[in-house]
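The values are calculated or read from the model by the stated rules, or taken from the named source; none is laboratory data. In this text, all values refer to a predicted model and were calculated from it rather than measured experimentally. Reconstructed Cβ throughout: ideal geometry from the backbone, glycine too, with neighbour counts over all protein chains shown. For accessibility, only protein heavy atoms count, side chains too; no ligands or nucleic acids. Shrake-Rupley method; radii C 1.70, N 1.55, O 1.52, S 1.80 Å.
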Amino acid sequence: MDQDTADIRRVIEGDTSAFENIVRRWQRPLINLAYRFCRNQQIAEEMAQDAFLQIYRKLDKFSGGASFSTWIFAVSLNLYRSSMRRKSLPVEPIDTLKQIAGEQFPHLKFEQEEREELVRRAVSALPQRYRDAIIVFYFRDMDLKETASILNVSEGTVKAWLHRGRELLRSKLGSRISPPEAIKEVCV
Amino acid sequence: MNKDELDQILLSEKQIEPSLSFARNVMLHVQTEPKFIRPLPFPWIRFSAAMIVLSILMLWIFPTDSVVHGMSTMTAGIGKWILTLDDPAIQFTLLPILGSFAGTLILLWLSFRLVGANQ
């Protein structure tokens, strides 16, 4: 029995303090996943805190069919989507990014950090399904199968969403970026 | 920007560290949540013992021959049993059934009471 399963059992049997072990093991990944949506550490921590409360409430629903990591990310992702909609978090409109990328600095070479930030903001500004697919795909080290499980869709759907997200990134950010090679590979 | 660079950007996003009070804050909120109530196991031992006692009592009150006779009478007259409820044989058969039903309800009530399931 792994540590998560043992702690889940203890929590369900009434030992609430065992949940702290789960929080300490998973706080970093859940906060970082939230950060990729909102790009703000304070908001990311609030979102992750809500996610942990939701996980606690649903802990007895965890069947063990999927891995705990897949389940915990799926629960969190649903909550992060809702938070993004509910809080109307400031996400840069994708057309604004295009302007930043192509019109405001036409002759300047982007510094590495600026380009990285531009790409990440562009991902955050993608329509929800493409944004989720790209964020989870890279967050889980390009594991297509787990991405599909977390998003609760088929691998084919994830491939299609990644492909479409890539197309949007390319069209909005222009020639300054190339489409992600990993996405190209899984779309072949 | 070459093709691998975009992959690297998305893969190498900086990792942020949780604030020191994060886990404590989460646990403070968790403490306000209702605790999980451990599912109560059904008291099979008590239930079985009570059923055995009840069976013995039933057999003592209603001897086996009478029960068998009553059952066969009821089976034979199943088509018209509603009309023959005043038949003493049917009444004799129904009595232990009703008695068993009442006994079961009492045992269930006692079982739930003993394990505190009425909270």
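Quick notes on this structure:
- The criterion of at least 1 residues that are more than 9 Å from chain B (Cβ to nearest Cβ), over 23 Å from A:Tyr130 (Cα atoms) and of a type in the set (A, V, I, L, M) is met by the following helices (runs of 4 or more DSSP H) wholly inside the stretch A:1-90: A:3-12, A:19-38, A:41-58.
- Residue match in the stretch A:18-27 (condition: of a type in the set (Gly, Ala, Ser) and either within 20 Å of A:Thr147 (Cβ to Cβ) or open to solvent by 60 Å² or more (accessible area, probe 1.4 Å) (or both)): no
- Filter pass, A:Arg121 being over 18 Å from A:Leu79 (Cα atoms) and within 10 Å of another protein chain (Cβ to nearest Cβ): no
Quick grid of which residues meet (1) within 11 Å of chain B (Cβ to nearest Cβ); (2) not charged (D, E, K, R):
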| site | (1), (2) |
| --- | --- |
| A:Ala133 | no, yes |
| A:Phe137 | yes, yes |
| A:Arg140 | yes, no |
| A:Glu146 | no, no |
| A:Asn152 | no, yes |
| A:Val158 | no, yes |
| A:Leu168 | no, yes |
| A:Ser171 | no, yes |
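- Subset of the stretch A:37-66 that is open to solvent by 20 Å² or more (accessible area, probe 1.4 Å) and touching a residue at least 60 places away in the same chain (Cβ under 8 Å) - its residue that is farthest from A:Glu13 (Cα to Cα): A:Arg39
- Taken together, A:Arg120, A:Arg164 contain a single residue that is in contact with a Lys or Arg (Cβ under 9 Å, 6 or more places away or on another chain), part of a helix (DSSP H, G or I), at pLDDT below 90 and not assigned by TED's automatic domain parsing to the domain that holds A:Ser82, which is A:Arg120.
- Residue match in the stretch A:133-142 (condition: of a type in the set (Gly, Ala, Ser) and more than 20 Å from A:Ser69 (Cβ to Cβ)): no
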